[in-house]
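The values are calculated or read from the model by the stated rules, or taken from the named source; none is laboratory data. From a predicted model like this one, the values you see are computed outputs, not experimental measurements. Please note: Cβ atoms are built from the backbone with ideal geometry, for glycine as well, and neighbour counts cover all protein chains shown.
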Amino acid sequence: MGVQCVDCVREATSAQRTGRTAYGGVLRPDGRPVATIAFIALCVVAHVAQYTVPDFTDRWFYSPFWGHVEPWRFLTSGFLHSEGSILHIVLNMVALWAVGPYLELQLGRARFVTLYLLSELGGSVVVLLSAALGWSTWYGGVVGASGAVFGLFGAAFVVMWRSGHPAQGILGIIAVNMVFSFVVPGISWQGHLGGLVVGALVAAAYAFAPRERRRLVAVVLPVVVLAMLVAATLWAYEQAPAEVVELWKLPRDVLWTISRG
């Protein structure tokens with residue numbers, strides 16, 4: 001075997017074409033699902049903080065009311081989970097680990113992260129729309145990665161179907177979990193439905209984009225989806241009842257004191 005200098009090896013390696021999946025994901029040598037692991041780690045750290053940091057949950061959970069005052073709650077709530085049942089975070093993290101690595105590999109890390117965050121945001125927006133339509137309260141709190149996880153479920157179905165792989169299994173999982181979302185008290189069917197729809201639509205755009213337009217779609221699509229979600233949010237807040245609008249006029253520290261009761 002001959003000996004090659006380090007610079008020669010580096011030059012030869014850089015000249016090689018990067019392998020990609022059918023949907024543009026980069027084929028990395030280690031294949032580690034870094035983004036999936038990062039999301040799980042963030043959820044676990046946040047859950048520990050819920051038990052150890054005073055008022056942590058109260059300051060980061062989402063409700064349609066608090067989303068208007070502190071918009072970051074639309075996303076931060078997705079990293080919190082129920083303090084009353086460890087099963088909440090366990091089930092969500094198991095589901096995330098079940099489908100996350102597959103989608104991260106197929107779509108690539110950037111697309112996967114975008115898909116995850118848009119699905120979580122979509123879930124929160126549908127919770128808001130539900131309140132605006134009078135189907136739920138403006139004050140009810142929501143926590144959990146379920147919106148994002150349902151988005152991944154929807155995306156996994158689309159990608160598997162597009163790839164020609166049997167997708168009945170993931171479709172069954174979606175159906176069963178959506179039934180539970182509607183019939184079991186205390187579960188936000190709105191968040192699940194919103195995440196599912198957004199995740200499936202985003203994945204469909206990624207999966208069906210022509211090869212020569214994949215990069216363009218990856219850049220433009222998140223902007224378009226985000227703009228649509230913002231427009232829906234603005235419309236929903238215009239439907240807020242007068243008593244809610246009056247409360248929004250109060251200083252944030254006063255609202256915090258009132259909410260703490």
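Which pairs have Cβ atoms under 6 Å, sit 6 or more apart or on different chains, and link a residue in the range 225-246 that is closer than 18 Å to VAL198 by Cα to one that is surrounded by 15 or more Cβ atoms within 10 Å (Cβ to Cβ) and not basic (Lys, Arg)?
Note: pairs meeting the criteria are VAL225/LEU118; LEU229/LEU121; LEU229/VAL125; ALA232/VAL125; THR233/VAL125; ALA236/LEU128; ALA236/LEU129; ALA236/ALA132.
May I ask you to list the residues in the range 59-83 that are under 17 Å from LEU121 (Cα atoms) and not in a helix (DSSP H, G or I)?
Of everything in the range 59-83, those that are under 17 Å from LEU121 (Cα atoms) and not in a helix (DSSP H, G or I) turn out to be PHE61, TYR62, SER63, GLU70, PRO71, TRP72, LEU80, HIS81.
Can you name the number of the only condition in (1) surrounded by fewer than 21 Cβ atoms within 10 Å (Cβ to Cβ); (2) in contact with a strand residue (DSSP E or B) (Cβ under 8 Å, 6 or more places away or on another chain); (3) modelled with pLDDT of 95 or more that VAL26 fails?
All conditions are met except number (3).
Among the numbered criteria (1) farther than 24 Å from VAL143 by Cα; (2) free of Cβ contacts under 8 Å to residues at least 40 places away in the same chain; (3) exposed (fewer than 12 other Cβ atoms within 10 Å of the Cβ), which single criterion is violated by VAL179?
(1)
Just to be sure I understand the filter: pairs with C-beta atoms under 9 Å, separated by 6 or more residues or on different chains, first member in the range 34-50 and over 17 Å from ARG111 (Cα atoms), second member surrounded by fewer than 15 Cβ atoms within 10 Å (Cβ to Cβ). Which pairs pass?
If the second residue must be surrounded by fewer than 15 Cβ atoms within 10 Å (Cβ to Cβ), the pairs left are ILE40/TRP97; HIS47/GLU83; HIS47/ILE86; GLN50/GLU83.
Only residues that are under 19 Å from LEU91 (Cα atoms) and of a type in the set (Ser, Thr, Tyr): list them for the range 29-56, please.
If the condition is that a residue be under 19 Å from LEU91 (Cα atoms) and of a type in the set (Ser, Thr, Tyr), then THR36, TYR51 are the ones that fit.
How many residues, within the range 197-256, are among the aliphatic types (A, V, I, L, M), more than 17 Å from the chain's Cα centre (by Cα) and either within 18 Å of PRO71 (Cα to Cα) or not in a helix (DSSP H, G or I) (or both)? Walk me through how you get there before you give the answer.
Kept after step one, since they are among the aliphatic types (A, V, I, L, M), are these residues of the range 197-256: 197-198, 200-205, 207, 209, 216-221, 223-232, 234, 236, 240, 242, 244-245, 247, 250, 254-255.
Keeping just the survivors that are more than 17 Å from the chain's Cα centre (by Cα) gives 207, 209, 216-217, 219-220, 231-232, 234, 236, 240, 242, 244-245, 247, 250, 254-255.
From what's left, either within 18 Å of PRO71 (Cα to Cα) or not in a helix (DSSP H, G or I) (or both): 209, 231-232, 234, 236, 240, 244-245, 247, 250, 254-255.
Adding up the residues that qualify gives 12.
Out of the range 27-58, which residues are part of a loop (DSSP other than H, G, I, E, B), among the aliphatic types (A, V, I, L, M) and under 17 Å from the mean Cα position of the chain (by Cα)? Write out each step before concluding.
In the first step, residues of the range 27-58 are kept if they are part of a loop (DSSP other than H, G, I, E, B); the result is 27-33, 53-55.
Of the ones still in play, those that are also among the aliphatic types (A, V, I, L, M) are 27, 53.
Across the range 27-58, there are no qualifying residues.
Run down SER146, SER124, SER119 and say which single residue is without any contact (Cβ under 8 Å) to a residue 60 or more places away in the chain and buried (at least 24 other Cβ atoms within 10 Å of the Cβ). So that I can check it myself, show each step before the final result.
Details: SER124 fails: without any contact (Cβ under 8 Å) to a residue 60 or more places away in the chain; SER119 fails: without any contact (Cβ under 8 Å) to a residue 60 or more places away in the chain.
So the residue among SER146, SER124, SER119 that is without any contact (Cβ under 8 Å) to a residue 60 or more places away in the chain and buried (at least 24 other Cβ atoms within 10 Å of the Cβ) is SER146.
Conditions (1) within 17 Å of the chain's Cα centre (by Cα); (2) at pLDDT 95 or above; (3) assigned to a loop (DSSP other than H, G, I, E, B), marked per residue:
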residue: ALA155; (1), (2), (3): yes, yes, no
residue: PRO166; (1), (2), (3): no, no, yes
residue: VAL176; (1), (2), (3): no, no, no
residue: PHE180; (1), (2), (3): no, no, no
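Among the listed residues GLY144, GLY151, identify the single one that is under 25 Å from SER85 (Cβ atoms) and more than 8 Å from the chain's Cα centre (by Cα). Before the answer, list the steps.
Working: GLY151 fails: more than 8 Å from the chain's Cα centre (by Cα).
Testing whether each residue is under 25 Å from SER85 (Cβ atoms) and more than 8 Å from the chain's Cα centre (by Cα) leaves just GLY144.
Which of the following residues is exposed (fewer than 14 other Cβ atoms within 10 Å of the Cβ), assigned to a helix (DSSP H, G or I) and not aromatic (Phe, Trp, Tyr): VAL94, VAL99?
Working: VAL99 fails: exposed (fewer than 14 other Cβ atoms within 10 Å of the Cβ).
Sole residue among the options that is exposed (fewer than 14 other Cβ atoms within 10 Å of the Cβ), assigned to a helix (DSSP H, G or I) and not aromatic (Phe, Trp, Tyr): VAL94.
Has the range 156-169 got at least one residue that is over 17 Å from ALA200 (Cβ atoms), out of contact with any Ser or Thr (no Cβ under 9 Å at 6 or more places or on another chain) and either surrounded by 24 or more Cβ atoms within 10 Å (Cβ to Cβ) or not small (Gly, Ala, Ser) (or both)?
As a first pass, look at the range 156-169 and keep what is over 17 Å from ALA200 (Cβ atoms): 164, 166.
Checking the rest, the ones that are also out of contact with any Ser or Thr (no Cβ under 9 Å at 6 or more places or on another chain) come to 164, 166.
In the following step, the residues that additionally are either surrounded by 24 or more Cβ atoms within 10 Å (Cβ to Cβ) or not small (Gly, Ala, Ser) (or both) were identified as 166.
Within the range 156-169, one or more residues are over 17 Å from ALA200 (Cβ atoms), out of contact with any Ser or Thr (no Cβ under 9 Å at 6 or more places or on another chain) and either surrounded by 24 or more Cβ atoms within 10 Å (Cβ to Cβ) or not small (Gly, Ala, Ser) (or both).
How many residues does the range 247-261 hold that are in contact (Cβ under 8 Å) with a residue 12 or more places away in the chain and touching a Lys or Arg at 6+ places or on another chain (Cβ under 9 Å)? Give the steps one after another, and end with the answer.
Of the range 247-261, the ones in contact (Cβ under 8 Å) with a residue 12 or more places away in the chain are 247-248, 252, 255, 259-260.
Narrowing the set further to residues that are touching a Lys or Arg at 6+ places or on another chain (Cβ under 9 Å) leaves none.
Total meeting the criteria: 0.
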